[in-house]
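Each reported figure results from applying straightforward, stated rules to the coordinates on display, with no laboratory input. Note that this is a predicted model, so its numbers are computed, not measured. Here Cβ is always computed from backbone atoms with ideal geometry, including for glycine, and neighbour counts include all displayed protein chains.
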Amino acid sequence: MKKIFTLVAILFSVTAFASGNPRPNESKMAIRSNSDAFIQVVIDGRQYNVNRNGFVLDNIRSGRHRIEVYKVDNYGMFRKRPQLVYRNTMVVKPWESLNININRFERVWVDTRFDRDDRRGNDRDYGRDRDYDRGPDYNDRDGRYGRH
């Protein structure tokens, strides 16, 4: 009986470590506001208040999302009237970075960018070659590689 439980525990731990990345499709949504007005953003029915700078939502599931942007005007002490500024349904792809920018005139523009960074150094920036490591001596002008 002890051998069976030990075998099951080892098998379970091996499968748990070999499962890989639990979230393979990490998308990101950044909302930035340069407006002086109080801005509310509703994404799939959930309301988010944007302060002066903005915020970032990580780990957005890929698929269709409904996005609404409201400017909230204060009328009196307890009366607030939301005014619709932007409404759209967007399809978020896996590994996509979605930037929603609101300028000071409450104009909204959306920028999408494919951003795959698997946290293992295989990101898409220009500082790494991703597949090749040529080293600092690759662009040597006298035609000789290595130290000399």
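Once both labels are modelled 7 Å past Cα along the beta-carbon direction, what's the GLN47-ASN88 spacing in nm?
With each label placed 7 Å out from Cα toward Cβ, I get 2.4 nm.
So, by mean Cβ neighbours within 10 angstrom, what's the order for 77-90, 37-50 with the highest one leading? Could the numbers behind the result be given before it?
Details: 77-90: 11.7, 37-50: 15.4.
Per-residue Cβ counts within 10 Å, averaged per peptide and sorted highest first, yield 37-50, 77-90.
Report the extension gain between ASN34 and MET1 in nm, rounded to one decimal, defined as 0.36 nm multiplied by the number of residues separating them, less their alpha carbon distance. Could you put the intermediate results ahead of the total?
Details: separation 33, 0.36 × 33 = 11.88 nm, distance 6.63 nm.
This chain segment gains 5.3 nm when fully extended.
How far is it, in nm, from the label point at VAL8 to the one at ARG61 when both lie 7 Å from their Cα along the line to the Cβ?
Between VAL8 and ARG61, the simple spin-label model gives 3.2 nm.
Report the antiparallel proportion of the DSSP beta bridges in the stretch 24-114 as a percent, rounded to a multiple of 5.
On the way: 37 of 43 bridges.
Of those bridges, close to 85 percent are antiparallel.
Taking the highest mean first, how do the peptides 68-75, 27-34, 4-11 order by number of other beta carbon atoms within 10 angstrom per residue?
Numbers: 68-75: 15.6, 27-34: 19.1, 4-11: 9.6.
Those peptides, ordered most packed to least, come out 27-34, 68-75, 4-11.
Counting only residues 5 or more places away or on other chains, whose amide H sits under 5 Å from the amide H of LEU57 once H atoms are built in the peptide plane?
When sequence neighbours closer than 5 places are left aside, the close amide H contacts are MET29, ALA30, ILE31.
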